[in-house]
Amino acid sequence: MNLSALQPQVQSLIETHKSNPDAAMQGICDLLQAEVAHYDWVGFYFADHDKRVLHLGKFAGEPTDHTTIPFGKGICGQVAESNANFVVPDVKAQDNYIACSITVKAEIVIPLFKDGLNIGQIDIDSNTIDPFTAADEEFLTWVNAQLAEIL
Ligand code: SME
């Protein structure tokens with residue numbers, strides 16, 4: 001899948017749902033999970049900076065028990081603190097990792113910034129080992145930046 005080919009559809013979802021970010025995010029999760037072969041679970045987490053926890057927002061894929069993740073815990077919690085992309089080619093090699101499903105082999109988490117603040121993240125699990133490249137990082141960074149415009 002050429003990820004940039006999905007950009008018009010992402011833009012259209014954001015434009016259509018600019019007054020309803022939840023609908024835009026659900027549409028983006030559904031689109032990416034359906035169209036990108038190595039995206040098996042796609043979700044957004046948002047930060048409560050006072051309580052230092054992440055809360056799961058919209059997602060596509062199997063429901064997860066991990067709807068609240070403390071800052072610092074797991075890949076997601078680490079990104080809440082580092083403000084940096086985290087690409088995990090093989091989740092078995094990570095000590096600080098929260099398993100959502102035994103089928104997951106790799107994960108990518110890209111922070112979402114609004115006015116310079118790390119307010120959340122897009123989290124993608126893959127059942128394929130080592131599937132993510134710089135193209136995924138660029139594309140997902142772009143998705144988050146577009147979305148930030150309506151948040
Ligand atoms: N694996 C994540 C937890 C979230 S699930 O992937 C949906 C982590 O280690 O933070």
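Count, please, the residues in region 29-53 that happen to be open to solvent by 20 Å² or more (accessible area, probe 1.4 Å), away from the ligand (no atom under 13 Å from the Cβ), closer than 18 Å to VAL104 by Cα and part of a loop (DSSP other than H, G, I, E, B).
Here the count works out to 2.
Looking at (1) within 13 Å of the chain's Cα centre (by Cα); (2) more than 11 Å from the ligand (Cβ to nearest atom), which is the one condition that is false for GLN121?
Of (1) within 13 Å of the chain's Cα centre (by Cα); (2) more than 11 Å from the ligand (Cβ to nearest atom), only one is false for GLN121: (2).
Which ones in region 2-46 are touching a strand residue (DSSP E or B) at 6+ places or on another chain (Cβ under 8 Å) and small (Gly, Ala, Ser)?
Those that are touching a strand residue (DSSP E or B) at 6+ places or on another chain (Cβ under 8 Å) and small (Gly, Ala, Ser): ALA34, GLY43.
Pull out all pairs, ordered by first then second residue, where Cβ-Cβ is under 7 Å, the residues are six or more apart or on different chains, the first lies in region 92-117 and is farther than 12 Å from ILE75 by Cα and touching a residue at least 24 places away in the same chain (Cβ under 8 Å), and the second is away from the ligand (no atom under 11 Å from the Cβ) and open to solvent by 70 Å² or more (accessible area, probe 1.4 Å).
Every condition considered, the pairs that remain are LYS105/ILE129.
Which ones in region 73-87 are open to solvent by less than 30 Å² (accessible area, probe 1.4 Å) and touching a residue at least 24 places away in the same chain (Cβ under 8 Å)?
Once the filter is applied, which keeps residues that are open to solvent by less than 30 Å² (accessible area, probe 1.4 Å) and touching a residue at least 24 places away in the same chain (Cβ under 8 Å), region 73-87 yields GLY74, ILE75, CYS76, VAL79, ALA80.
Name the single residue that is nearest to SER82 (Cα to Cα) among those in region 12-28 being in a helix (DSSP H, G or I) and of a type in the set (S, T, N, Q).
Applying the filter and picking the extreme gives GLN26.
Is at least one residue of region 10-22 surrounded by fewer than 19 Cβ atoms within 10 Å (Cβ to Cβ) and under 27 Å from PRO89 (Cβ atoms)?
Checked region 10-22: no residue is surrounded by fewer than 19 Cβ atoms within 10 Å (Cβ to Cβ) and under 27 Å from PRO89 (Cβ atoms).
Among the numbered criteria (1) open to solvent by 30 Å² or more (accessible area, probe 1.4 Å); (2) more than 7 Å from the ligand (Cβ to nearest atom); (3) over 22 Å from ALA134 (Cα atoms), which single criterion is violated by CYS100?
It fails just one condition, (2).
Which condition from (1) within 12 Å of the ligand (Cβ to nearest atom); (2) of a type outside the set (Val, Ile, Thr); (3) open to solvent by 50 Å² or more (accessible area, probe 1.4 Å) is the one that GLY57 breaks?
The one condition GLY57 does not meet is (3).
Does region 70-88 include one or more residues that are away from the ligand (no atom under 11 Å from the Cβ) and assigned to a strand (DSSP E or B)?
Looking for residues that are away from the ligand (no atom under 11 Å from the Cβ) and assigned to a strand (DSSP E or B), one finds at least one in region 70-88, hence yes.
Identify, please: which residue in region 123-151 is part of a helix (DSSP H, G or I) and touching a Phe, Trp or Tyr at 6+ places or on another chain (Cβ under 8 Å) and is, among those, surrounded by the fewest Cβ atoms within 10 Å (Cβ to Cβ)?
By that ranking, first place goes to ALA145.
The values are calculated or read from the model by the stated rules, or taken from the named source; none is laboratory data. No experiment lies behind these values; they were computed from the predicted model shown. Cβ: placed from backbone, ideal geometry, glycine included. Neighbour counts: every protein chain shown. Just the protein is used for accessible areas: all its heavy atoms, side chains included, with ligands, DNA and RNA removed. Shrake-Rupley method; radii C 1.70, N 1.55, O 1.52, S 1.80 Å.
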